[in-house]
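Following: one structure in structure tokens, then a few remarks.
The values are calculated or read from the model by the stated rules, or taken from the named source; none is laboratory data. Keep in mind that this is a model prediction, so the values were computed, not measured. Note: ideal-geometry Cβ built from the backbone for every residue, glycine included; neighbour counts use all protein chains shown.
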Amino acid sequence: MINSVPASILPILPMKALLFVLCCLPGLVVNVAAKTPGEVEVGSVLREAPLYGFFGDFRKLSELRGKPLIINVWASWCGPCRAEMGSLERLSRRLGAKKVKVIGISTDDDAAAAAAFLMKSRVTFDNYLDRNLLLENMLGAKTIPLTVLVDADGRVVKKVNGYHDWDSPESVEMISKAFRLKI
């Protein structure tokens, strides 16, 4: 095939190939940072979603409106999720359900493993099982743990990826600023 290309064009072919790669590379990078299906972005209001408790209780996400909400997406097999659960428990007790509500959303396929972890770690704040990945996708949990701060109107204020010490002074200050509350 190269034999049929005029010799004057041959030096241009590597340049065109390089240009093609450089033009396609940004598209590849954008795909790596793509959102999860149905993800609600920061600044947007969360859609309605079912919350299935571990002990048969059921509620709707909209029932939690009226006060700021901290949603932690986790799994029992996730080391960083397990590590931060104690600090979320302490934060929940510090804030009290009257100021800010803390909830957990487990992405576990094995509900029994998730429930056993909650009992062993003595978590007292409400936790729900994401049966169909609806919340995982809506919240944008490409990786876990993911913690989402939601204002009293259901609007996503901030998303925090990875492990955090949630009852540290820095985290409490970040939450206070995000919700414009004195904590």
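Here are a few things to note about the model shown:
- Only one of D108, D167, D126, D153 that is without any contact (Cβ under 8 Å) to a residue 40 or more places away in the chain and of a type in the set (D, E): D108
- The residues of segment 134-155 include none that are assigned to a strand (DSSP E or B) and out of contact with any strand residue (DSSP E or B) (no Cβ under 6 Å at 6 or more places or on another chain).
- Only residues that are in contact with a Pro (Cβ under 8 Å, 6 or more places away or on another chain) and among the polar types (S, T, N, Q) were counted across segment 107-160, and they come to 1.
- Count of segment 127-171 residues which are more than 27 Å from A114 (Cβ to Cβ) and either touching a helix residue (DSSP H, G or I) at 6+ places or on another chain (Cβ under 8 Å) or not assigned by TED's automatic domain parsing to the domain that holds I103 (or both): 1
- Residue check, L51 more than 15 Å from V148 (Cα to Cα) and at pLDDT 95 or above: yes
- Meets criteria (of a type outside the set (S, T, Y), modelled with pLDDT under 95 and over 24 Å from R47 (Cβ atoms)) for R94: yes
- Residues in segment 114-131 that are closer than 16 Å to V73 by Cβ and among the hydrophobic types (A, V, I, L, M, F, W, C): A114, F117, L118, V123, F125, L129.
- Residue among R94, R65, R131, R90 that alone is of a type in the set (K, R), more than 25 Å from D167 (Cα to Cα) and in contact (Cβ under 8 Å) with a residue 40 or more places away in the chain: R131
- Selected residue (only one of S92, S106 is hydroxyl-bearing (S, T, Y) and either within 20 Å of K182 (Cβ to Cβ) or touching a Lys or Arg at 6+ places or on another chain (Cβ under 6 Å) (or both)): S92
- Candidate set from segment 146-182 (those that are polar (S, T, N, Q) and within 25 Å of L133 (Cα to Cα)); member that is surrounded by the most Cβ atoms within 10 Å (Cβ to Cβ): T147
- Subset tally (residues that are in a helix (DSSP H, G or I) and either touching a helix residue (DSSP H, G or I) at 6+ places or on another chain (Cβ under 7 Å) or not basic (K, R) (or both)) for segment 172-183: 7
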